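Asker: Encoded as structure tokens, here's the structure I'll be asking about.
The values are calculated or read from the model by the stated rules, or taken from the named source; none is laboratory data. Computed from a prediction, not measured in an experiment: that's the story for all the values here. All Cβ positions, even for glycine, are placed from backbone atoms using ideal geometry, and neighbour counts span all protein chains on display.
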Amino acid sequence: MAARPRRRPRVAVWKFASCDGCQLSLLDCEDELLAVAGAVDIAYFPEASSRMGRGPFDLSLVEGSVTTPHDVERIQRVRRLSRYLVTIGACATAGGIQALRNFRDVKEFIGVVYARADYIGTLARSSAISEHVPVDFELRGCPINKRQLLEVVSAFLAGRRPTVPAHSVCVECKLAGTVCVMVAQGTPCLGPVTHAGCGALCPRYRRGCYGCYGPMETPNTAALAAGWQRLGARRPELLRVFRSFNAGAEPFVLESRRHEEG
């Protein structure tokens, strides 16, 4: 009797509140994506296919933050359908740029923008997926590094922990032989507290890091802010730099609040 064909792992890609950039990073893998597609069954990926497979899924990749009551219900359903759930990008791991709402009165915004505020159903906060359901791994970035994404997918399909560096952008600068822009030029840079993954792109072109990959493990944001102040940065600038792509990440939230006026 012929052996039954081995079932390919089923993968789903989900979108919540986001710009789709991280899903596009997956599509940008091109040849590597073809290899992945040959090894798995991409059962649900509306960005790439009209196929809408039903769960359960072996691996779910989730882009975007939770911003509405419907999002809360939906992510709980995704979690129930998924053996492993991996969040990808700054929106899913830290609330994204839309987490700027967390520092203001959302009702006031709605009243200014919309003629009928009663038609709008939204939450006061934009939150990371992990605030609502258990997450098996968080892949940071705005957008994510496609090589790191392939490593994460491969790792979970192979039943091992992903090998994604937890060090700062400064280490990437050292590995590439890039001169430190803070030391050599006096340019404020978030590299010492930012998770690696971008290849230190901005310092390579003599610009300070913008913190696209969010906080590294145990970031000393207070020491970095003090260094920026010695370079001439004022409180409004420090407030702004910690409230960007990863405004909702706890270390950046805590540091930004230290520089609020009043």
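Asker: Just the residues that are of a type in the set (Val, Ile, Thr), out of contact with any helix residue (DSSP H, G or I) (no Cβ under 9 Å at 6 or more places or on another chain) and either surrounded by 21 or more Cβ atoms within 10 Å (Cβ to Cβ) or farther than 21 Å from residue 219 by Cβ (or both), please, taken from segment 140-186.
Answerer: 152
Asker: Give segment 162-199 a look and list any residue that's among the β-branched types (Val, Ile, Thr), more than 22 Å from residue 88 (Cβ to Cβ) and in a loop (DSSP other than H, G, I, E, B), or say none.
Answerer: 178, 179, 187
Asker: Then there's this: Somewhere in segment 70-88, is a residue small (Gly, Ala, Ser) and part of a helix (DSSP H, G or I)? I'd like the intermediate steps shown before the answer.
Answerer: So in segment 70-88, the residues small (Gly, Ala, Ser) come out as 82.
Checking which are part of a helix (DSSP H, G or I) leaves us with none.
Within segment 70-88 (the criterion being small (Gly, Ala, Ser) and part of a helix (DSSP H, G or I)), the answer is no, since none of the residues qualifies.
Asker: Where the second residue is outside any loop (DSSP other than H, G, I, E, B) and buried (at least 17 other Cβ atoms within 10 Å of the Cβ) and the first is assigned by TED's automatic domain parsing to the domain that holds residue 98 and among the charged types (D, E, K, R) and lies in segment 15-29, which pairs have Cβ atoms under 7 Å and are six or more apart or on separate chains?
Answerer: Going by the 7 Å Cβ cut-off, the qualifying pairs are 15/23; 15/63; 28/146.
Asker: Being without any contact (Cβ under 8 Å) to a residue 40 or more places away in the chain and surrounded by fewer than 11 Cβ atoms within 10 Å (Cβ to Cβ) is the filter here, so list the residues in segment 107-121 that pass it.
Answerer: Taking segment 107-121 first, the residues without any contact (Cβ under 8 Å) to a residue 40 or more places away in the chain are 107-120.
Selection gives 108, 112, 113, 115, 116, 118, 119.
Asker: Taking residue 99 as the residue in question, decide whether it is of a type in the set (A, V, I, L, M, F, W, C), under 19 Å from residue 18 (Cβ atoms) and in the same structural domain as residue 43 (by TED's automatic domain parsing).
Answerer: Numbers: of a type in the set (A, V, I, L, M, F, W, C): yes; under 19 Å from residue 18 (Cβ atoms): yes; in the same structural domain as residue 43 (by TED's automatic domain parsing): yes.
In short, yes.
Asker: Also, I was wondering about something else. For segment 127-147, what are the residues that are touching a strand residue (DSSP E or B) at 6+ places or on another chain (Cβ under 6 Å) and either closer than 12 Å to residue 93 by Cβ or not in a loop (DSSP other than H, G, I, E, B) (or both)?
Answerer: Taking segment 127-147 and keeping what is touching a strand residue (DSSP E or B) at 6+ places or on another chain (Cβ under 6 Å), we get 127, 129, 132, 135-140, 144.
Those that are touching a strand residue (DSSP E or B) at 6+ places or on another chain (Cβ under 6 Å) and either closer than 12 Å to residue 93 by Cβ or not in a loop (DSSP other than H, G, I, E, B) (or both): 127, 129, 135, 137, 138, 139, 140, 144.
Asker: Right, another one. Considering only residues that are closer than 20 Å to residue 151 by Cα, of a type outside the set (A, V, I, L, M, F, W, C) and within 18 Å of the chain's Cα centre (by Cα), which ones fall in segment 65-96?
Answerer: 84, 87, 89, 93
Asker: Can you find, within segment 200-211, the residue that is nearest to the chain's Cα centre (by Cα) among those that are outside any loop (DSSP other than H, G, I, E, B) and over 27 Å from residue 235 (Cβ atoms)? I'd like the intermediate steps shown before the answer.
Answerer: First, pick out the residues of segment 200-211 that are outside any loop (DSSP other than H, G, I, E, B): 201-204.
So of that shortlist, the ones also over 27 Å from residue 235 (Cβ atoms) come out as 201, 204.
On the way: 201: 17, 204: 22 Å.
Per the stated criteria, the residue is 201.
Asker: Could you pull out the residue among 238, 157 that is in contact (Cβ under 8 Å) with a residue 60 or more places away in the chain and either out of contact with any Ser or Thr (no Cβ under 6 Å at 6 or more places or on another chain) or over 28 Å from residue 59 (Cβ atoms) (or both)?
Answerer: Working: 238 fails: in contact (Cβ under 8 Å) with a residue 60 or more places away in the chain.
Checking each option against the conditions leaves just 157.
Asker: Can I ask one more? Looking at the structure I just gave you, is residue 124 among the hydrophobic types (A, V, I, L, M, F, W, C) and surrounded by 15 or more Cβ atoms within 10 Å (Cβ to Cβ)? Explain how you work it out, then say what you get.
Answerer: Details: among the hydrophobic types (A, V, I, L, M, F, W, C): yes; surrounded by 15 or more Cβ atoms within 10 Å (Cβ to Cβ): no.
No.
Asker: What are the pairs with Cβ atoms under 6 angstrom where one residue, in segment 52-66, is at positive phi and the other, located anywhere, is in a strand (DSSP E or B) and among the basic types (Lys, Arg)? Sequence gap at least six, or different chains.
Answerer: Note: pairs meeting the criteria are 64/15.
Asker: Which members of segment 31-77 meet the condition of being buried (at least 21 other Cβ atoms within 10 Å of the Cβ) and within 29 Å of residue 101 (Cα to Cα)?
Answerer: Matches in segment 31-77: 45, 60, 61, 62, 63, 64, 65, 66, 67, 75.
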